[in-house]
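See below for the structure under consideration.
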Amino acid sequence: MRIKTTRRQFLAGAAAATGAATLPFGALPARAAPSGILRVIPHASLTILDPVATTGYIVRNHGYMIFDTLFAQDANLQVQPQMASGVEISDDRLTYRISLRDGLAWHDGSPVTAEDCALSLIRWGKVDGMGRRLFTYVEECTHDGTDTIVLKLSRPYGLVLQSIGKLSTNVPFMMPKRLAEKPHTERLTAEEQIGSGPFKFVASEFRPGARVVYERNADYVPRDEPASNAAGGKVVHLEGVEWINFPDPNTQLNALMTGEVDYWEQVPADLVPIVGSMPGVNVQNFNPLGNVGMARFNSLVGPSDNPGVRRAIVRALDQTSLLQAAVGSPDFYQTCHSVFPCGTTFANDAGSELIAEPDLEDARRILAESGYDGERFVILATTDIPVQTNYIQVVADTMRRIGINVDAQAMDWATVLQRRTSRNPVDDGGWNMFVTWWEGADLLDPVVQFALSAAGDGAWVGWADDPRIEEIRTRFAEAASTEEQLQLARDVQEAFFEQNFHAMLGQFFVPTGFRENVTGILEAPPFFWNIQKS
């Protein structure tokens, strides 16, 4: 296969060939990462530290470093005990008694109690889509003594353990009582990053958006089973982990080349050939389900509150053009016209004729019929994550071509995470769209998929509101057979394509670059236990 060389590849290749590093003015030459410390280039800057506060993956990844969960999903996406030693379920399936395993302690030395965990579930359940749904069935979430959490339900619900053992955002991380009692609207601070997980957060070294330092929790007691995805024994072989942000992909590439860093979480596809040819460096995809790009609309604020405007935009967008711009090589993407990841159980074609063959003329017709009258359409345009930046350029250009007055406001991802919580009109700091992606594991079915929630204030940012979608999602959760669930997945997708609360931008895979002396990387979201550095 012949790979077209971009200007960025050419410049990066020249740096690699000469051994030169692209360094900021006045910077010192790169130095090798110290033994025992894994230096990481994360996919985004970390500024928010509360994993309940946002669905941002960088915050989820931070949460996995220092917090732990009662249950976790293994590599087969099966729920396994983690902090729990087991669970007793009553014959009527209305009472769940979850016992804690021995040896659990918070980073400040105090023991983990069932009360801590019950309160942590309650705080998480006020925010997470799957948690909110679970708590519509929960009459009481309490504790019996210090080591047993008790969930009492009003009626049977088949996804209790799948909910509190979910793999990805928002993850139900366990926290000490004093943190779990904080209102979910009040974010945890750097000084409050006290978990029971395999790493400790070093607050004195935290530089928001620039550097995060974790040290091994020497008192952590891992499970006996082998590590498997988020489940099993979280054995830490490293002394610590540092996340370091660099200003651009070329600087990131040079840092990996010189050994200044050990691990580059997301290598841009057009740089994969360069990274793959570097001596002492490997490139591999550790996320077999991949990612799904999305352009999320704000359904509360005009003009994106107009279903016709949303439908026109969705009708115009061409996944192939979007993926070519965002990802580059077809080796790392595929078009996918389902709201569920292609190749998974519930992927289907219901309603997908709207996006399968994009049509600009038809999109212009739909826009005219919507009553759109040239109102400003604000896009929160990410500048520091290449996939999103490239997506946005094509999205904005396509929208302008069908007659939308686009105002693409440039900002880094950390600012997008802050701005997207605003419900104000666009003239008062509000927004109409931002572009992001979800990992495939977050989109597998109508209940897991928070992006599909249409519960108004209880939905994901954008606040989609459609009682029909919510009724189908409830029926899916209570369905008695896979056949019934398959039909409901088609029904909910058809209902979604009538409203288009976001645009589907295709499925893609982002490989990781790492030095060859780094081994033991798990397939999953980036986990840093099990890794060894020789």
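The values are calculated or read from the model by the stated rules, or taken from the named source; none is laboratory data. Note that the structure is a prediction, hence the values are computed from the model and not measured. Note that each Cβ is placed from the backbone with ideal geometry, even for glycine, and that neighbours are counted across all protein chains shown. Side chains are part of the model used for accessible areas, which takes the heavy atoms of the whole protein and leaves out ligands, DNA and RNA. Shrake-Rupley method; radii C 1.70, N 1.55, O 1.52, S 1.80 Å.
Largest first, the three principal axis extents of the alpha carbons in segment 358-401 are 36, 23, 11 Å in whole numbers. Computed extension gain for Ala356 through Asn285, at 0.36 nm per residue and net of the alpha carbon distance, reaches 22.8 nm.
On a per residue basis, the chain carries 39 Å² of accessible surface, using protein heavy atoms and a 1.4 Å probe. Could you compute the FRET efficiency for Glu192 and Asn424, with r as their C-beta to C-beta distance and R0 at 35 Å, rounded to 0.05? The value I calculate is 0.75. Label 7 Å along Cα→Cβ of Glu471; segment 429-464 residues with amide nitrogen under 15 Å? Under cut-off, by backbone N: 454-455. Scalar couplings 3J(HN,Hα) for segment 59-65, obtained by applying the Karplus form with A = 6.51, B = -1.76, C = 1.60 to θ = phi - 60°, are 6, 4, 4, 4, x, 5, 5 Hz; x denotes Gly and Pro. Computed from backbone phi with θ = phi - 60° and the Karplus coefficients 6.51, -1.76 and 1.60, the 3J(HN,Hα) list for segment 513-528 is x, 8, 5, 6, 8, 9, 10, x, 6, 8, 7, 2, x, x, 9, 10 Hz; x is used for glycine and proline. Where [x] 162; [y] 138; [z] 149 are the candidate values, the label of the one calculated here for volume of the Cα convex hull per residue in Å³ is [z]. In this simple spin-label approximation, Ala480 and Met411 carry label points 7 Å from Cα along the Cα→Cβ vector, and these lie 5.0 nm apart. Here the Debye sum runs over all C-alpha atoms of segment 178-305 as equal scatterers in vacuum, and log10 of I(q)/I(0) at q = 0.22 Å⁻¹ comes out as -1.27. Converting phi to 3J(HN,Hα) with the Karplus coefficients 6.51, -1.76 and 1.60 and the offset θ = phi - 60°, segment 408-413 yields 8, 9, 6, 6, 7, 5 Hz in sequence order, with x at every glycine or proline. For segment 196-294, the relative contact order comes to 18 percent (Cα pairs under 8 Å, sequence separation of at least 6). Using the Cα gyration tensor of segment 421-529, with a ≥ b ≥ c the square roots of its eigenvalues, what is the shape: rounded (a/c below 1.5), prolate (a/b larger than b/c) or oblate (neither)? It comes out oblate by the Cα gyration axes. Close amide H contacts of Asn405 (hydrogens built in the peptide plane, cut-off under 5 Å, sequence separation of 5 or more or a different chain): Phe377. Exposed loop sites here are trypsin sites (Lys or Arg not before Pro) assigned a DSSP state other than H, G, I, E or B and surrounded by at most 12 other beta carbons within 10 Å; excluding them, the longest clear run of the chain is 32-534. With a ≥ b ≥ c taken as the square roots of the eigenvalues of the C-alpha gyration tensor of segment 406-484, please select rounded if a/c is under 1.5 and otherwise prolate if a/b is larger than b/c or oblate if it is not? Prolate is the answer for segment 406-484, as a/c is 1.5 or above and a/b outweighs b/c. Binning the C-alpha pair distances of segment 66-155 at 10 Å intervals from 0 yields a P(r) profile of 16, 48, 32, 4 %, listed from the shortest bin outward. If you plug the beta carbon distance of Arg101 and Arg401 into 1/(1 + (r/R0)^6) with R0 = 45 Å, you get a FRET efficiency near 0.20. If you take the square roots of the eigenvalues of the alpha-carbon gyration tensor of segment 314-407 and sort them as a ≥ b ≥ c, do you get rounded (a/c under 1.5), prolate (a/b over b/c) or oblate? Note, shape of segment 314-407 comes out oblate. Modelled this way, with points 7 Å down the Cα-to-C-beta line, the labels at Asn76 and Glu375 are 5.1 nm from one another. Using Cα-only point scatterers and the Debye equation, what is log10 of I(q)/I(0) for segment 402-448 at each q in 0.16, 0.25, 0.26, 0.27 Å⁻¹, rounded to two decimals? Normalising to I(0) and taking log10 leaves -0.63, -0.98, -1.01, -1.04.
For Gly506, the residues whose amide H sits under 5 Å from its own are Gly293, Cys336, ignoring neighbours fewer than 5 places away on the same chain, with H placed 1.01 Å from N.
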